[in-house]
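Engineer: The structure that follows is given in the form of structure tokens.
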Amino acid sequence: MEIVVCVKPVPEAETRLRVAADGARLDAEGVKFVLAGYDESAVEQALLLKEAVAGSTVHAIALGPAPRTEEVLRAAVALGCDKASWIEVPSGGSDDPLDAARILAAAIRGLPHDLVLCGKQAGDDESGLVAGALAEALGVPGFGYVVDLRWDAARSRFTFHRAVESGQESWECPGPIVIGLQQAWNDPRTAKLPAILKSRKATITKIAASGAAASVATPEKFELPAPRTGAKMIEYRTPQEAAEKLVRILREDAKVFP
Amino acid sequence: MPEFSLTPDQESLRDLARKFARTEMAPHAAECDRTARFPEEIYRKAYDLGLMNLNVPTEFGGSGLGLFEQCLIVEELAYGCAGMTTSIIANCLALEPILLGGSPEQRRRFLTPFCASYQLASFALTEPSGGSDAGAIRTRARRDGDAYVLEGEKCFITNAPHASLYTVFATVDPERKHKGIAAFVVPRSAKGVSPGKDEEKMGHRASSTGTVRFEGVRVPAEDRLGEEGDGFSIAMRTLDQTRTPIGALATGIAQAALDLAAAYSLKRETFGKPISEHQAIQIKLANMAQAVHAARLLTWHAAWTIDHGGKGTLESSIAKCFASDAALDVADEAIQTFGGYGYMKEYPVEKLLRDAKLTQIYEGANEIQRTVIARELLRAYQ
């Protein structure tokens with residue numbers, strides 16, 4: 001089975017974010033980028049399928065500027081992806097998720113693919129659009145928020161579930177197919193030290209970006225949430241004292257209770 | 001010119017250790033400290049990820065890292081829990097004599113099966129009568145045909161109760177002092193090897209420390225490392241290699257203490273403002289930051305010197321001594337920043353002080369480090 005897994009570099013959760021000079025984007029200067037958490041799940045899913053279906057190949061593909069995109073592809077290789085391809089686009093290029101989907105689709109058309117996996121959404125802009133748009137651009141079935149993706153070899157079909165309001169859908173579908181993954185069956189694995197060192201020497205194939213349409217959407221403004229104020233720390237020696245002070249605040253200051 | 005930025009390779013190794021320390025080690029640090037539990041499941045995971053036999057070449061199944069990369073990893077691990085780190089890196093110390101003193105055949109015979117699965121090894125040098133005075137070893141090795149018979153007791157041995165392999169230093173003739181010491185590789189399974197109970201320690205409580213008795217233990221002569229009189233030199237050259245990571249371990253403790261103190265100072269208010277706005281606290285934080293930074297750079301420099309073929313005795317002694325003193329000072333000031341809360345076991349800073357203390361004592365007490373520093377220094381003036 002030929003599995004393509006799309007990954008994206010996103011700012012590390014603990015990194016300090018600043019707004020860029022244009023006021024419309026995140027300032028990438030000094031930001032540490034990592035493989036997005038949802039994409040780690042997608043990679044894990046790809047590797048679980050590879051382990052279950054003999055002769056499978058996992059091909060990681062990413063779109064973005066140097067060096068962060070190359071770094072997350074190396075992280076994907078360290079986790080166990082067999083190949084990695086990098087579509088280099090400059091920093092500060094189109095922010096339109098549909099453009100990302102079109103460019104990815106143009107590259108993926110040139111690669112063998114029975115299954116294209118994405119995280120359900122990016123860990124930074126959270127658009128959640130690329131998997132669906134990618135399916136449309138490739139002209140194949142696409143499903144989002146998928147869990148428990150498996151390959152039924154006897155019937156040559158993928159089977160999977162979608163958690164929906166108050167229930168669960170069960171699906172089956174032959175490939176090729178695009179899946180936006182809710183989560184992996186297991187916790188994503190951690191790359192081992194020898195694999196990390198080996199991934200540093202792995203070949204990252206460059207693919208020229210093509211397929212972008214003239215995007216009509218541009219980001220206008222990017223704001224960080226205002227720091228919250230008004231938090232009150234209660235100092236106490238015993239739980240009873242903490243509870244008494246809290247009740248007094250809720251009654252007298254916040255007037256939650258009469 | 002020196003290069004102070006890390007390569008992408010080094011960053012990725014540091015990130016691995018950082019993630020492991022913060023997600024696997026730190027959440028269990030307080031519990032293991034309180035109960036003195038030896039968290040073998042964490043050590044097993046460290047082995048699985050390649051974070052254990054860092055100094056062993058890849059051809060024998062280790063991670064094959066230089067000292068600089070080892071130090072990057074050790075600092076990150078110690079940030080999560082110093083005690084666990086001591087147990088994780090004890091293999092590096094125990095296996096170094098085989099790397100330095102073993103023949104190619106011995107390296108293959110001992111290291112390859114050892115590194116193929118999760119196993120612990122212990123470096124057995126210190127004795128009840130003394131640690132720093134390694135020339136005064138009393139454990140005897142009597143030649144008997146094609147074997148030696150070991151008699152004696154070692155103490156303060158890291159991981160001793162859990163180890164499957166010991167590198168043991170014993171004298172073939174106490175009269176010959178340093179020149180009579182020989183190094184041996186002894187499996188736990190050898191008849192007459194008996195590890196004692198775990199010691200109750202002030203810090204590093206997730207690590208295990210104990211005695212090992214050798215009673216009539218027959219060790220084949222082919223398991224001796226080097227010649228009969230090479231043991232002392234093997235031990236000293238081992239410590240020349242492993243001293244620098246102790247500087248990194250101490251730096252990790254100090255960085256953790258600084259991070260906790262700085263974060264707390266921004267939250268805690270007195271006299272109507274966060275204590276970070278009081279100069280008294282700012283001066284503490286500035287001093288702590290200087291100590292951490294200097295400890296790290298000294299450690300990096302010592303590691304770099306040794307990786308580039310230098311002996312590094314002076315540099316590694318300075319790094320270990322300075323960083324361990326810094327760790328104790330920074331942990332102490334972190335407690336002071338926390339005030340009464342810092343003294344409470346409910347908060348994580350007092351553990352750092354207890355953990356920091358050991359770094360001044362083990363792998364050569366700081367008094368010995370200063371003796372070494374002075375000797376190396378004065379040599380330049382003579």
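The values are calculated or read from the model by the stated rules, or taken from the named source; none is laboratory data. Predicted model, so just to flag it, every value in this text is computed and none were measured. With ideal geometry, Cβ positions are generated from the backbone for all residues, glycine too; neighbour counts draw on all protein chains shown.
Engineer: Restricting region B:111-144 to residues that are buried (at least 22 other Cβ atoms within 10 Å of the Cβ) and among the aromatic types (Phe, Trp, Tyr), which is nearest to the chain's Cα centre (by Cα)?
Structural biologist: For region B:111-144, the residue satisfying everything is B:Phe123.
Engineer: When region B:335-382 is examined, which residues are found to be in contact (Cβ under 8 Å) with a residue 24 or more places away in the chain, within 21 Å of B:Gly130 (Cα to Cα) and outside any helix (DSSP H, G or I)?
Structural biologist: Scanning region B:335-382 gives B:Gln360, B:Tyr362, B:Glu363, B:Gly364, B:Ala365.
Engineer: Also, I was wondering about something else. Mind listing just one residue for me: the one in region B:159-188 that is surrounded by fewer than 24 Cβ atoms within 10 Å (Cβ to Cβ) and small (Gly, Ala, Ser) and, of those, farthest from B:Leu100 (Cα to Cα)?
Structural biologist: Here the answer is B:Ser164.
Engineer: Anything in region B:221-234 that is crowded, with 23+ Cβ neighbours inside 10 Å and either modelled with pLDDT under 95 or charged (D, E, K, R) (or both)? List them, or say none.
Structural biologist: If the condition is that a residue be crowded, with 23+ Cβ neighbours inside 10 Å and either modelled with pLDDT under 95 or charged (D, E, K, R) (or both), then B:Arg224 is the only one that fits.
Engineer: Quick check on region A:70-89: of everything there that is more than 14 Å from every other protein chain (Cβ to nearest Cβ) and touching a Pro at 6+ places or on another chain (Cβ under 8 Å), which residue is nearest to B:Leu13 (Cα to Cα)?
Structural biologist: Among them, the one singled out is A:Glu88.
Engineer: Cβ-Cβ distance below 7 Å, separation of 6 or more or different chains: which pairs start in region B:259-276 with a residue that is within 12 Å of chain A (Cβ to nearest Cβ) and closer than 20 Å to B:Leu352 by Cα and end on one that is modelled with pLDDT under 95 and not in a strand (DSSP E or B)?
Structural biologist: none
Engineer: Residue check: is A:Ala107 within 14 Å of another protein chain (Cβ to nearest Cβ) and more than 16 Å from the chain's Cα centre (by Cα)? Before you say what the answer is, go through the steps one by one.
Structural biologist: Details: within 14 Å of another protein chain (Cβ to nearest Cβ): no; more than 16 Å from the chain's Cα centre (by Cα): yes.
Spelling it out, it is not the case that A:Ala107 is within 14 Å of another protein chain (Cβ to nearest Cβ) and more than 16 Å from the chain's Cα centre (by Cα).
Engineer: With the checklist (1) free of Cβ contacts under 8 Å to residues at least 60 places away in the same chain; (2) surrounded by fewer than 13 Cβ atoms within 10 Å (Cβ to Cβ); (3) among the small types (Gly, Ala, Ser) in hand, flag the one item A:Ala242 doesn't pass.
Structural biologist: Among (1) free of Cβ contacts under 8 Å to residues at least 60 places away in the same chain; (2) surrounded by fewer than 13 Cβ atoms within 10 Å (Cβ to Cβ); (3) among the small types (Gly, Ala, Ser), the lone unmet condition for A:Ala242 is (2).
Engineer: Let me ask another. How about region A:192-234: which of its residues are within 14 Å of another protein chain (Cβ to nearest Cβ), surrounded by 10 or more Cβ atoms within 10 Å (Cβ to Cβ) and of a type outside the set (Gly, Ala, Ser)?
Structural biologist: A:Lys192, A:Leu193, A:Pro194, A:Ile196, A:Leu197, A:Lys198, A:Arg200, A:Ile204, A:Ile234
Engineer: Is there a residue in region A:136-145 that is within 20 Å of A:Val58 (Cβ to Cβ), β-branched (Val, Ile, Thr) and crowded, with 22+ Cβ neighbours inside 10 Å?
Structural biologist: no
Condition check ((1) in contact (Cβ under 8 Å) with a residue 60 or more places away in the chain; (2) assigned to a strand (DSSP E or B); (3) buried (at least 21 other Cβ atoms within 10 Å of the Cβ)) across all residues:
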residue: B:Met202; (1), (2), (3): yes, no, no
residue: B:Ser207; (1), (2), (3): yes, no, yes
residue: B:Val219; (1), (2), (3): yes, yes, yes
residue: B:Leu239; (1), (2), (3): yes, no, yes
residue: B:Ile246; (1), (2), (3): yes, no, yes
residue: B:Thr251; (1), (2), (3): yes, no, yes
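Engineer: Moving on to the next point. Before we move on, is B:Leu6 over 21 Å from the mean Cα position of the chain (by Cα) and either modelled with pLDDT of 95 or more or in a loop (DSSP other than H, G, I, E, B) (or both)? Steps first, please.
Structural biologist: Values: over 21 Å from the mean Cα position of the chain (by Cα): yes; either modelled with pLDDT of 95 or more or in a loop (DSSP other than H, G, I, E, B) (or both): yes.
Yes: the conditions hold for B:Leu6.
Engineer: Check region B:78-85 and report whether any residue there is among the β-branched types (Val, Ile, Thr), in contact (Cβ under 8 Å) with a residue 24 or more places away in the chain, farther than 29 Å from B:Leu260 by Cβ and away from every other protein chain (no Cβ under 14 Å).
Structural biologist: As a first pass, look at region B:78-85 and keep what is among the β-branched types (Val, Ile, Thr): B:85.
Then drop every residue that is not in contact (Cβ under 8 Å) with a residue 24 or more places away in the chain, which leaves B:85.
Remaining after also requiring farther than 29 Å from B:Leu260 by Cβ: none.
Checked against the condition, which is being among the β-branched types (Val, Ile, Thr), in contact (Cβ under 8 Å) with a residue 24 or more places away in the chain, farther than 29 Å from B:Leu260 by Cβ and away from every other protein chain (no Cβ under 14 Å), region B:78-85 yields no hits at all.
Here's the yes/no breakdown for (1) under 23 Å from B:Gly312 (Cα atoms); (2) out of contact with any strand residue (DSSP E or B) (no Cβ under 8 Å at 6 or more places or on another chain); (3) of a type in the set (Val, Ile, Thr):
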| residue | (1), (2), (3) |
| --- | --- |
| B:Pro27 | no, yes, no |
| B:Ala30 | no, yes, no |
| B:Pro39 | no, yes, no |
| B:Ile42 | no, yes, yes |
| B:Gly50 | no, yes, no |
| B:Phe60 | no, yes, no |
| B:Ser63 | yes, yes, no |
| B:Gly66 | yes, yes, no |
| B:Gln70 | yes, yes, no |
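Engineer: Taking region B:86-110, which residues are more than 20 Å from the chain's Cα centre (by Cα) and over 16 Å from B:Phe169 (Cα atoms)?
Structural biologist: From region B:86-110, those more than 20 Å from the chain's Cα centre (by Cα) are B:102-110; that's our starting set.
Scanning region B:86-110 gives B:Ser103, B:Pro104, B:Glu105, B:Gln106, B:Arg107, B:Arg108, B:Arg109, B:Phe110.
Engineer: Which members of region B:52-71 meet the condition of being within 12 Å of chain A (Cβ to nearest Cβ) and within 16 Å of B:Gly252 (Cβ to Cβ)?
Structural biologist: Within region B:52-71, B:Leu54, B:Glu69, B:Gln70 meet the criteria.
Engineer: Starting from region B:123-138, keep only residues that are under 9 Å from B:Lys154 (Cα atoms), then list their pairs with residues that are among the hydrophobic types (A, V, I, L, M, F, W, C) and in a loop (DSSP other than H, G, I, E, B) whose Cβ atoms are within a distance under 8 Å, requiring at least 6 positions of separation or different chains.
Structural biologist: B:Leu125/B:Ile137; B:Glu127/B:Ile137
Engineer: Another question about this same structure. Report, by residue number, each residue of region B:32-51 that is surrounded by fewer than 17 Cβ atoms within 10 Å (Cβ to Cβ) and within 10 Å of another protein chain (Cβ to nearest Cβ). Give the steps one after another, and end with the answer.
Structural biologist: From region B:32-51, those surrounded by fewer than 17 Cβ atoms within 10 Å (Cβ to Cβ) are B:34-37, B:40-41, B:44, B:48; that's our starting set.
Correct list: B:Asp48 only.
Engineer: Find the residue count for region B:1-31, including only residues that are of a type outside the set (A, V, I, L, M), closer than 24 Å to B:His204 by Cβ and surrounded by fewer than 20 Cβ atoms within 10 Å (Cβ to Cβ).
Structural biologist: Taking region B:1-31 and keeping what is of a type outside the set (A, V, I, L, M), we get B:2-5, B:7-12, B:14-15, B:18-20, B:22-24, B:27-28, B:31.
Pick out the ones that are also closer than 24 Å to B:His204 by Cβ and you get B:14, B:18-20, B:22-24, B:27-28, B:31.
Within this subset, residues satisfying the condition of being surrounded by fewer than 20 Cβ atoms within 10 Å (Cβ to Cβ) are B:14, B:18-19, B:22-23, B:27-28, B:31.
Matching residues across region B:1-31 total 8.
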